[in-house]
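Each reported figure results from applying straightforward, stated rules to the coordinates on display, with no laboratory input. The model shown is predicted, which means the values in this text are computed figures rather than measured ones. With ideal geometry, Cβ positions are generated from the backbone for all residues, glycine too; neighbour counts draw on all protein chains shown.
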Amino acid sequence: MSNLQAVVRHLIVCEDVLVDEANPRRHTLVGLIGALRSTGEPPFPLLYRELCAYIQLTGCRGPAEGRVEIQYADTGDLVIRTRSRTLPLPTDPPRRDGLQFSIAQLPVPTSWAVLGTILVQ
């Protein structure tokens with residue numbers, strides 16, 4: 001048996017992910033988010049009511065438990081963690097599949113850099 005593990009090829013934050021009904025492997029990412037910015041005065045604190053994390057994985061060997069964690073880049077402190085769920089991953093390691101995680105009620109207390117991580121077990 002191989003020690004091949006799932007590899008994150010892309011982790012993209014956006015406002016929504018649309019799935020093509022005729023081709024469920026075709027996804028449209030809506031409102032890509034490169035930085036969490038505020039247009040309010042004062043700019044912080046800010047609350048993102050809902051974001052999506054779109055993740056493409058390869059090296060999969062079937063369904064697995066997984067979740068997304070967002071941490072402060074400078075301290076590693078946890079900002080938010082999605083609930084764990086069973087991911088419908090393919091059994092063909094070279095195949096690239098996309099997954100969507102909804103992130104609700106993301107607090108942004110001040111201007112900060114974050115890291116997103118997907119944990120697949």
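Details
- Among 16, 74, 97: highest mean-square fluctuation, GNM of the chain, C-alpha pairs under 10 Å: 74
- Stretchable slack from residue 36 to residue 7, in nm (0.36 nm times residue separation minus alpha-carbon distance): 7.9 nm
- GNM flexibility winner over the chain from 68, 108, 13 (Cα, springs under 10 Å): 108
- Stokes-Einstein diffusion of the chain at 4 °C, 1.567 mPa s viscosity, Kirkwood radius from Cα pairs, rounded to a whole number: 83 µm²/s.
- Cut-off of 10 Å, at most 14 other beta carbons, DSSP loop: longest stretch of the chain lacking such trypsin sites (Lys or Arg not before Pro): 38-82
- Sites matching GluC sites (Glu not before Pro) across the stretch 1-55 that sit in DSSP coil, with at most 15 neighbouring C-beta atoms within 10 Å: 21
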